[in-house]
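Novice: Could you have a look at this structure, given as structure tokens, before my questions?
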């Protein structure tokens with residue numbers, strides 16, 4: 001279960017990487033539907049996750065990440 005705080009952190013992270021207003025991101029938004037998600041943007045998201053969690057991200061988990069809530073779960077662990 002994700003905490004409200006981790007969902008807000010995930011939304012802020014995506015807002016910064018995708019250059020979109022945080023208010024336009026819903027808790028259950030599909031990440032790929034939020035904006036242009038090219039390889040550079042994806043790498044920015046990965047770097048921000050690693051910066052937040054202070055560890056490398058499992059590539060399998062990255063491939064499974066689809067929603068804001070999925071990202072929030074990654075930030076919690």
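Each reported figure results from applying straightforward, stated rules to the coordinates on display, with no laboratory input. Treat the numbers as computed from the prediction; the structure is a model and nothing was measured. Cβ coordinates were reconstructed from backbone atoms using ideal geometry, including for glycine residues, and neighbour counts include every protein chain displayed.
Novice: Pull up region 20-31, narrow it to residues that are within 17 Å of residue 69 (Cα to Cα) and in contact (Cβ under 8 Å) with a residue 12 or more places away in the chain, then point me to the one that is surrounded by the most Cβ atoms within 10 Å (Cβ to Cβ).
Specialist: Among those residues, the one meeting the criterion is 25.
Novice: Could you list all residues from region 3-19 that are exposed (fewer than 15 other Cβ atoms within 10 Å of the Cβ) and either in contact with a helix residue (DSSP H, G or I) (Cβ under 6 Å, 6 or more places away or on another chain) or assigned to a loop (DSSP other than H, G, I, E, B) (or both)?
Specialist: If the condition is that a residue be exposed (fewer than 15 other Cβ atoms within 10 Å of the Cβ) and either in contact with a helix residue (DSSP H, G or I) (Cβ under 6 Å, 6 or more places away or on another chain) or assigned to a loop (DSSP other than H, G, I, E, B) (or both), then 3, 12, 19 are the ones that fit.
Novice: Considering only region 32-77, state which residues are loosely packed, with under 12 Cβ neighbours inside 10 Å and within 15 Å of residue 12 (Cβ to Cβ).
Specialist: If the condition is that a residue be loosely packed, with under 12 Cβ neighbours inside 10 Å and within 15 Å of residue 12 (Cβ to Cβ), then 51 is the only one that fits.
Novice: Quick one: count up the residues across region 29-48 that are in contact with a helix residue (DSSP H, G or I) (Cβ under 6 Å, 6 or more places away or on another chain) and within 18 Å of residue 6 (Cβ to Cβ).
Specialist: Here the count works out to 4.
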